[in-house]
Amino acid sequence: MGGRALGCVLVTGGAGFLGRAILRELAKPAADGAPPPQELRVLDLRPVEVGGVVSLVGDVRDADLVLAACRGVDAVVHAASRIDWGHTGPGELAAVNVGGTDNVLRACREVGVGALVYTSTMDVVCGTRPVVRADETLPYPRRFTNDYARTKAEAERRVLAADGPELATCALRPCGMYGEGDPYHVANVLRMAKSGRLRFRLGDGRGAFQHVYVGNVAHAHRLALHSLMDPGSRARGQSYFVTDDSPALDFFEFMEPILERLGHPLPPRSRRIPYGVAFALGAAAEGAAALCRPFVRFAPALTRSSVRFVCHEHTFAGDKAARDLGYAPVYSEAEALDRTVAWFREQA
């Protein structure tokens, strides 16, 4: 599914965890022989010092800057967002995730960008209940558990609604991403293990959680870009879950081999905190953070959302991406784990 050759591609958030992986994937020839884009452009709060990449430093909330970044661009990957699980105010999340997306959409229309791939998240369908082998027919929940999921869902709605004759759009929903440079799942668990604060596992061990390697998510973005450039693309106006082939495991079961290879084994399986107790502790931690916010800001290690994600099942079907985009993981689980462990060892 090569589509036509890409001229200039803009990646917003290109200095981030996924953004860097997307740049790496786009910079090399595709397996089907499609060449890299003629120009790779990045808009991020931080500069990107990679050969051949045009780095623009700024905020997606700056409409004029976004417009300038989109001039001369054939396609956009909009991966910039404020990622948060209850530590940031709803105003900032809305301004970046929704307002920033509006700026990108407006700029794409004004300068004639042909395609926009939006980096969404599995969180947009996650509420208070477990999610079991969900596909893209699962509706947004009636009540979101945090403002991050709510704002990402609103941005996704706007991107998909914008699909039309002049601008082709789709949204990719990665599951729990991990890999080299992961600042969220692996980094947080490793930090707690190193500090001695990780003394228990949460839940009963039956809450399967779907992970996906960041390189495979980047590969899915490349496929989506090329698909949207095809006038007959089935991807237009569609959302897609992006998963690996590996089985979904309890969050701690998945993390265990990574942490063991890094020399920081997890607590034994017998040492667990029940879901109800962990949820109450998360609520207390959030309350303490809110009370302290006028004087000092801190991000609680445990929140109600994090407890739900770790203890409830969150599994997804990737059949639609395979059918419409030709997606299949290009990095095996073994290679993904090796790359992840090697990166974190280098940082130690």
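Observations, loosely collected:
- Restricting attention to the range 238-265, the residues being at positive phi and either touching a Lys or Arg at 6+ places or on another chain (Cβ under 6 Å) or in contact (Cβ under 8 Å) with a residue 12 or more places away in the chain (or both) number 0.
- Residue check, residue 136 without any contact (Cβ under 8 Å) to a residue 12 or more places away in the chain and either of a type in the set (Ser, Thr, Tyr) or farther than 18 Å from residue 8 by Cα (or both): no
- Which listed residue is in contact with a Lys or Arg (Cβ under 7 Å, 6 or more places away or on another chain), on the phi < 0 side of the Ramachandran plot and either surrounded by fewer than 17 Cβ atoms within 10 Å (Cβ to Cβ) or small (Gly, Ala, Ser) (or both), from 55, 120: 120
- Subset tally (residues that are surrounded by fewer than 16 Cβ atoms within 10 Å (Cβ to Cβ) and either touching a residue at least 40 places away in the same chain (Cβ under 8 Å) or touching a strand residue (DSSP E or B) at 6+ places or on another chain (Cβ under 6 Å) (or both)) for the range 266-284: 4
- For the range 233-245, the set of residues classified as surrounded by fewer than 19 Cβ atoms within 10 Å (Cβ to Cβ) and out of contact with any Ser or Thr (no Cβ under 7 Å at 6 or more places or on another chain) consists of 234, 245, listed by residue number.
- The residue that is farthest from residue 17 (Cα to Cα), counting only those in the range 45-61 that are under 21 Å from the mean Cα position of the chain (by Cα) and of a type in the set (D, E, K, R), is 61.
- Among helices (runs of 4 or more DSSP H) entirely within the range 247-343, having at least 1 residues that are closer than 25 Å to residue 224 by Cα singles out 319-325.
- For residue 229: the one exception among (1) in contact with a Lys or Arg (Cβ under 6 Å, 6 or more places away or on another chain); (2) among the aliphatic types (A, V, I, L, M); (3) at pLDDT 95 or above: (3)
- Restricting 165, 139, 183 to residues that are assigned to a loop (DSSP other than H, G, I, E, B) and within 24 Å of residue 335 (Cβ to Cβ) narrows the list to 183.
- Of the listed requirements (1) buried (at least 19 other Cβ atoms within 10 Å of the Cβ); (2) of a type in the set (A, V, I, L, M, F, W, C); (3) over 24 Å from residue 216 (Cα atoms), residue 125 misses just one: (3).
- The one condition in (1) touching a residue at least 40 places away in the same chain (Cβ under 8 Å); (2) in contact with a helix residue (DSSP H, G or I) (Cβ under 6 Å, 6 or more places away or on another chain); (3) part of a helix (DSSP H, G or I) that residue 153 fails to fulfil: (1)
- The range 194-215: number of residues that are in contact (Cβ under 8 Å) with a residue 24 or more places away in the chain and over 28 Å from residue 245 (Cα atoms): 5
- Inspection of the range 217-230 identifies at least one residue that is touching a helix residue (DSSP H, G or I) at 6+ places or on another chain (Cβ under 9 Å) and under 15 Å from residue 185 (Cβ atoms).
- Scanning the range 232-277 for residues that are within 17 Å of residue 192 (Cβ to Cβ) and small (Gly, Ala, Ser) yields a single hit, 263.
- Odd one out for residue 236, checked against (1) more than 23 Å from residue 17 (Cα to Cα); (2) of a type in the set (D, E, K, R); (3) at pLDDT below 95; (4) not in a helix (DSSP H, G or I): (3)
- Test for residue 230: is it in contact (Cβ under 8 Å) with a residue 24 or more places away in the chain, surrounded by fewer than 20 Cβ atoms within 10 Å (Cβ to Cβ) and within 19 Å of the chain's Cα centre (by Cα): no
- The set of residues in the range 186-203 being touching a helix residue (DSSP H, G or I) at 6+ places or on another chain (Cβ under 7 Å) and either farther than 21 Å from residue 304 by Cβ or not in a helix (DSSP H, G or I) (or both) consists of 186, 190, 193, 198, 201, 202, 203.
The values are calculated or read from the model by the stated rules, or taken from the named source; none is laboratory data. In this text, all values refer to a predicted model and were calculated from it rather than measured experimentally. All Cβ positions, even for glycine, are placed from backbone atoms using ideal geometry, and neighbour counts span all protein chains on display.
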